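Everything on this sheet refers to the single structure shown next.
Readers should treat all values here as calculations from the given coordinates under stated rules, not as data from a laboratory. Fair warning: this is a prediction, and the values are worked out from it, not measured in the lab. Cβ: placed from backbone, ideal geometry, glycine included. Neighbour counts: every protein chain shown.
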């Protein structure tokens, strides 16, 4: 029998105590939020109770690799941690393999294959299609600046535009409820970038 409650409390406690303070976006609250979103999306995807538990476990551990100091490749570190600790909580080898696949579905670019993988992939990037996109994007930029000090705001905005243009949602719920606002967020970014470029061009004309 799987001991979900103990696993949840222990992992969340580790995230609260051990995550670097420089992880302003990937805090423990992000994991908690993604877990809640995964459950919400799962309700509309009609999965079984057994599948839901595997999904929740993957959501709980999908960013746990940050604890061990991994930024690039933190998903694979999360898989390694899952393989090490989940047997203690009653998970079988087959279940852990499924959980590993769900965690890997959050690797960018996302390439989910199963329904559970699609749900977590969408839960992790759900914010792209919400009114919190700009706020959370700014927080993520500050986090990335710590690891990439030369990343300019203009470069970041171009990265966001390219990312939004290539990103797709995979679940019916997010396609219907998040994709429309994601498109508006993209259009606003493009408009702001064009305005900024025009302003810079006018400034150069005045100084020449």
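General observations
- Tally, over region 1-21, of residues that are surrounded by fewer than 14 Cβ atoms within 10 Å (Cβ to Cβ), in contact with a helix residue (DSSP H, G or I) (Cβ under 8 Å, 6 or more places away or on another chain) and farther than 21 Å from residue 91 by Cα: 2
- Residue selection: residue 64 satisfies the criterion of being in contact with a helix residue (DSSP H, G or I) (Cβ under 7 Å, 6 or more places away or on another chain), within 15 Å of residue 7 (Cα to Cα) and touching a residue at least 40 places away in the same chain (Cβ under 8 Å).
- Between 102, 96, 107, the distinction of being farther than 18 Å from residue 19 by Cβ and buried (at least 22 other Cβ atoms within 10 Å of the Cβ) belongs to 102 only.
- Any hit, region 69-80, residues being touching a residue at least 24 places away in the same chain (Cβ under 8 Å), part of a loop (DSSP other than H, G, I, E, B) and crowded, with 21+ Cβ neighbours inside 10 Å: no
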